[in-house]
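Structure record follows, encoded as C-alpha coordinates.
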Amino acid sequence: LLAARADAAARAEAAAQQGQTVAELRARFDEVKQRLNGVERRIQAGPQAELFSTLETLAQQSAVKVDAMEPRTAPANEDYRETKVQVTLAGVTLPQVVAYLHKIESAQQLLSVKSLRLRTRGDQPELLEVSFTVSSFERI
(Lines give C-alpha, C1' and ligand atoms only; values in the text may rest on other atoms or scores of the structure.)
Protein backbone atom coordinates (compact mmCIF):
# COMPACT_ATOMS: atom_id res chain seq x y z
CA LEU A 1 0.00 0.00 0.00
CA LEU A 2 2.87 2.37 0.87
CA ALA A 3 4.66 1.53 -2.38
CA ALA A 4 1.50 2.17 -4.41
CA ARG A 5 1.06 5.50 -2.63
CA ALA A 6 4.67 6.54 -3.37
CA ASP A 7 4.26 5.43 -7.00
CA ALA A 8 1.04 7.46 -7.34
CA ALA A 9 2.74 10.53 -5.85
CA ALA A 10 5.67 10.19 -8.27
CA ARG A 11 3.27 9.85 -11.22
CA ALA A 12 1.31 12.88 -10.04
CA GLU A 13 4.55 14.91 -9.82
CA ALA A 14 5.60 13.76 -13.32
CA ALA A 15 2.16 14.64 -14.70
CA ALA A 16 2.35 18.09 -13.11
CA GLN A 17 5.78 18.69 -14.68
CA GLN A 18 4.52 17.50 -18.06
CA GLY A 19 1.51 19.80 -17.72
CA GLN A 20 3.80 22.74 -17.05
CA THR A 21 5.97 21.83 -20.05
CA VAL A 22 2.88 21.62 -22.27
CA ALA A 23 1.70 25.03 -21.01
CA GLU A 24 5.13 26.57 -21.75
CA LEU A 25 5.20 25.03 -25.23
CA ARG A 26 1.67 26.26 -25.89
CA ALA A 27 2.65 29.81 -24.88
CA ARG A 28 5.67 29.70 -27.22
CA PHE A 29 3.49 28.28 -30.02
CA ASP A 30 0.92 31.05 -29.54
CA GLU A 31 3.66 33.69 -29.63
CA VAL A 32 5.17 32.31 -32.84
CA LYS A 33 1.73 31.96 -34.42
CA GLN A 34 0.92 35.58 -33.53
CA ARG A 35 4.20 36.75 -35.10
CA LEU A 36 3.51 34.67 -38.22
CA ASN A 37 0.01 36.14 -38.51
CA GLY A 38 1.52 39.62 -38.27
CA VAL A 39 3.97 38.83 -41.06
CA GLU A 40 1.21 37.38 -43.23
CA ARG A 41 -0.93 40.51 -42.68
CA ARG A 42 2.05 42.65 -43.67
CA ILE A 43 2.59 40.60 -46.83
CA GLN A 44 -1.07 40.87 -47.84
CA ALA A 45 -1.55 44.53 -46.89
CA GLY A 46 1.76 45.87 -48.14
CA PRO A 47 2.28 47.20 -51.64
CA GLN A 48 3.56 44.71 -54.20
CA ALA A 49 6.04 47.03 -55.88
CA GLU A 50 8.89 45.85 -58.05
CA LEU A 51 11.74 44.96 -55.68
CA PHE A 52 14.45 46.53 -57.86
CA SER A 53 12.69 49.90 -58.07
CA THR A 54 11.87 49.87 -54.34
CA LEU A 55 15.52 49.24 -53.45
CA GLU A 56 16.69 51.96 -55.85
CA THR A 57 14.23 54.48 -54.36
CA LEU A 58 15.30 53.63 -50.81
CA ALA A 59 18.96 53.96 -51.83
CA GLN A 60 18.33 57.44 -53.21
CA GLN A 61 16.55 58.43 -49.99
CA SER A 62 19.60 57.21 -48.04
CA ALA A 63 22.13 59.00 -50.28
CA VAL A 64 23.61 55.64 -51.31
CA LYS A 65 24.68 54.73 -54.83
CA VAL A 66 23.95 51.09 -55.62
CA ASP A 67 26.87 49.50 -57.44
CA ALA A 68 24.94 46.42 -58.60
CA MET A 69 21.67 44.55 -58.14
CA GLU A 70 21.36 40.96 -59.30
CA PRO A 71 18.37 38.64 -59.00
CA ARG A 72 18.85 35.43 -57.02
CA THR A 73 16.87 32.24 -57.15
CA ALA A 74 14.61 31.44 -54.23
CA PRO A 75 13.30 28.03 -53.18
CA ALA A 76 9.75 27.26 -54.28
CA ASN A 77 6.95 27.52 -51.74
CA GLU A 78 3.32 26.61 -52.31
CA ASP A 79 1.95 29.64 -50.41
CA TYR A 80 4.41 32.46 -51.12
CA ARG A 81 6.61 33.65 -53.95
CA GLU A 82 9.95 34.94 -52.69
CA THR A 83 11.91 37.39 -54.80
CA LYS A 84 15.59 37.80 -53.89
CA VAL A 85 18.05 40.47 -54.99
CA GLN A 86 21.77 40.63 -54.24
CA VAL A 87 22.69 44.29 -53.60
CA THR A 88 26.27 45.56 -53.79
CA LEU A 89 27.37 48.96 -52.51
CA ALA A 90 30.86 50.35 -53.10
CA GLY A 91 32.54 53.20 -51.26
CA VAL A 92 29.85 53.95 -48.70
CA THR A 93 30.14 55.13 -45.11
CA LEU A 94 28.77 53.21 -42.14
CA PRO A 95 26.02 55.82 -41.46
CA GLN A 96 24.88 55.52 -45.10
CA VAL A 97 24.71 51.73 -44.84
CA VAL A 98 22.80 51.90 -41.55
CA ALA A 99 20.31 54.42 -42.99
CA TYR A 100 19.76 52.30 -46.09
CA LEU A 101 19.30 49.05 -44.14
CA HIS A 102 16.91 50.79 -41.75
CA LYS A 103 14.80 52.06 -44.65
CA ILE A 104 14.70 48.56 -46.14
CA GLU A 105 13.66 46.94 -42.86
CA SER A 106 10.99 49.57 -42.13
CA ALA A 107 9.53 49.79 -45.66
CA GLN A 108 5.79 49.29 -46.12
CA GLN A 109 6.50 46.35 -48.38
CA LEU A 110 7.70 43.39 -46.32
CA LEU A 111 11.44 43.19 -47.06
CA SER A 112 13.97 41.04 -45.28
CA VAL A 113 17.74 41.60 -45.31
CA LYS A 114 19.84 38.44 -45.36
CA SER A 115 23.54 37.52 -45.59
CA LEU A 116 25.04 40.95 -44.93
CA ARG A 117 28.79 41.30 -45.61
CA LEU A 118 30.85 44.42 -44.84
CA ARG A 119 34.50 45.02 -45.74
CA THR A 120 36.66 48.08 -45.40
CA ARG A 121 38.44 49.35 -48.48
CA GLY A 122 42.21 49.08 -48.53
CA ASP A 123 42.75 52.49 -50.15
CA GLN A 124 40.14 54.32 -48.00
CA PRO A 125 39.50 52.52 -44.69
CA GLU A 126 36.65 54.89 -43.75
CA LEU A 127 34.64 53.57 -46.71
CA LEU A 128 32.99 50.17 -46.95
CA GLU A 129 32.26 47.57 -49.59
CA VAL A 130 28.87 46.06 -48.73
CA SER A 131 26.82 43.22 -50.14
CA PHE A 132 23.58 41.74 -48.89
CA THR A 133 20.52 39.90 -50.10
CA VAL A 134 17.04 41.34 -49.81
CA SER A 135 13.92 39.19 -50.03
CA SER A 136 10.34 40.21 -50.65
CA PHE A 137 7.32 37.94 -50.39
CA GLU A 138 4.07 37.76 -52.28
CA ARG A 139 1.08 35.50 -51.61
CA ILE A 140 0.38 33.12 -54.48
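Brief remarks on what is shown
- Environment charge at Gln61 (Cβ cut-off 14 Å; Lys +1, Arg +1, Asp -1, Glu -1): 0
- Of all accessible heavy-atom area on segment 1-91, the percent that carbon and sulfur account for (1.4 Å): 54 percent
- Viscosity 1.306 mPa s, 10 °C: Kirkwood-radius Stokes-Einstein D of segment 43-114 over Cα pairs, µm²/s: 122 µm²/s
- Charge dipole (segment 3-99, unit charges on Cβ, about Cα centre) - positive-most of Thr83, Pro95, Val39: Val39
- For the chain: accessible area per residue (Å², 1.4 Å): 68 Å²
- Working note: 222 nm ellipticity from helices only, DSSP H runs with n ≥ 4, each -39,500 (n - 2.57), summed and divided by the residues of the chain, gives -16500 deg cm²/dmol to the nearest 500.
- Segment 1-59: Rg to Rh, with Rh as the Kirkwood radius over Cα pairs: 1.55
- For segment 34-78, the percent of C-alpha pairs falling in each 10 Å distance bin, counted from 0 to the bin holding the largest distance, reads 20, 36, 35, 9.
- For the chain, convex hull volume per residue from C-alpha positions, Å³: 181 Å³
- Within a Gaussian network of the chain (alpha carbon springs, distance under 10 Å), most fluctuating of Ala14, Ala90, Ala49: Ala14
- Under a model in which nothing but the beta-carbon of Lys, Arg (+1) and Asp, Glu (-1) is charged, the chain shows a dipole of about 240 debye around its Cα centre.
- Residues whose placed amide H lies under 5 Å from that of Asp67, excluding near-sequence neighbours: Thr88, Leu89, Ala90
The values are calculated or read from the model by the stated rules, or taken from the named source; none is laboratory data. Predicted model only: the values in this text are computed from it and were never measured. Because the Cβ atoms are built from the backbone with ideal geometry, glycine has one as well, and the counts that use them run over all protein chains shown. Ligands, DNA and RNA are excluded from the accessible area calculation, which covers all protein heavy atoms including side chains. Shrake-Rupley method; radii C 1.70, N 1.55, O 1.52, S 1.80 Å.
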